[in-house]
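What follows is calculated from the coordinates using simple rules that are stated; it is not laboratory data. Keep in mind that what you see is a predicted model, and the values were worked out from it rather than measured. Every residue, glycine as well, gets a Cβ built from its backbone with ideal geometry; the counts of neighbours run over all protein chains shown.
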């Protein structure tokens, strides 16, 4: 287990389609985070899981977004009815505690055309 | 609420120049502080961290000291290299919280 893995790395989709991204965290990490990053900006928090429980969601996470972490292992982030404004890099991170560093995956770059 | 403010870029330096990227924070408690680096098309990599006041984080020639009195965590390097060209993000997290807060990033370009 060499780090946080995200798939796919790139996704191009047509507006209105649904997309799903997967994140495999470092195996012993019980905390998992999703962030969204647009060009020239820092990562913005979307949601947080502790084990399988989704404990916090940002206002950025509209009704079209849903995230799951079944059995506290991998996580998926689904965007329904994609819009051009959803184009961004979606980053997943995991950690053991919130006051220690988070380890990030390489991200999934979504382009909505 | 918690937030991080960092120096806007882009920053362009010649090789072997001294680097400072300023970062200040606002936090309700006693945060841990981090610097992350991001290379083009990649995720974020931890560069260094400090978990309490007066701690100094260091890695690969970079240093930052946790200054509670000035709520700052400025990143420094004595002699930058071309390979240091990247975007640098200051971040914080609190034990009582559930997320990391990031600054907007500072783009650094080092020219030979």
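Details
- With the cut-off at under 11 Å, measuring from each backbone N in the stretch A:84-113 to a point 7 Å along the Cα-to-Cβ line of residue B:42 picks out A:106.
- Normalised by the number of residues in the stretch A:12-83, the mean separation of alpha-carbon contacts (under 8 Å, six or more apart) gives a relative contact order of 38 percent.
- Rounded to 0.05, the FRET efficiency of the residue B:109 and residue A:2 pair, given R0 = 30 Å and the Cβ-Cβ distance, is 0.50.
- Percentage relative contact order, chain B, counting C-alpha pairs under 8 Å, at least six apart: 37 percent
- Under the criterion of Cα pairs below 8 Å and six or more residues apart, the relative contact order for the stretch A:69-113 equals 39 percent.
- Between residue A:38 and residue A:76, the modelled label-to-label distance comes to 2.7 nm, taking each label 7 Å out from Cα in the direction of the beta carbon.
- Average beta-carbon neighbours from other chains, 10 Å sphere, peptide B:44-54: 3
- Inter-chain Cβ neighbour average for residues B:93-106, partner chain, 10 Å: 6
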